[in-house]
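The structure appears below as structure tokens.
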């Protein structure tokens, strides 16, 4: 299995796939819009952790959330995204390790992690790096801010990371099903 926590892996992957081969991990903005609107205001300062080359933040920006800071560990990805989003003047892209954020304390209203936790948990020293990422996420969030993690993992395999003693946030979990599964679930419950 590749080491998804290694920037070299991601640089090679993005260089090989090119800037036009976009990939949105898990859910896209359209499927999350209703949920996000409960926690994210258009005026909020939002950190997109491990942005990759997904359309997610572009779609958020186009929907009116224009104070977006996108970070990724891959310099190749960040260069591609900066070029692709030249016309989105207020969109920020920076190469940065989510375990060592360069932002001030209490800087963001919201942090969105769309499967970055999943990638880190597939890398070397997974639990340590996950702890560092979450500690940094908490540090840069304002009092009352939200850390929103969209993960492929089941809640039981992820919640333990968010419930560590050094973290001081409340945990809410939502489970998403693909549209085809929702219909199946409705049929089974009827």
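The numbers here are math on the coordinates, done by the rules we state, and not lab data. Everything numeric here is computed off the predicted structure, so don't read it as measured data. With ideal geometry, Cβ positions are generated from the backbone for all residues, glycine too; neighbour counts draw on all protein chains shown.
Largest GNM mean-square fluctuation across 62, 97, 118, computed for the chain with C-alpha springs under 10 Å, falls on 62. Taking the average, over residues, of other Cβ atoms within 10 Å as the packing measure, peptides 126-134, 44-52 rank 44-52, 126-134 from highest down.
When 160, 121 are arranged by Cβ crowding within 10 Å, least crowded first, meaning fewest neighbours, the order is 160, 121. Mind checking which of 96, 60, 22 has the largest fluctuation in a GNM of the chain, springs on alpha carbons under 10 Å? For the chain, modelled as a Gaussian network with Cα springs under 10 Å, the answer is 22.
Tell me, how many Å apart are the Cα centres for the range 79-93 and for the range 136-155? Spelled out, the Cα-based centre of one part sits 24 Å from the other. Relative to the 2.2 N^0.38 Å rule of thumb, the range 7-189 has a C-alpha radius of gyration ratio of 1.02.
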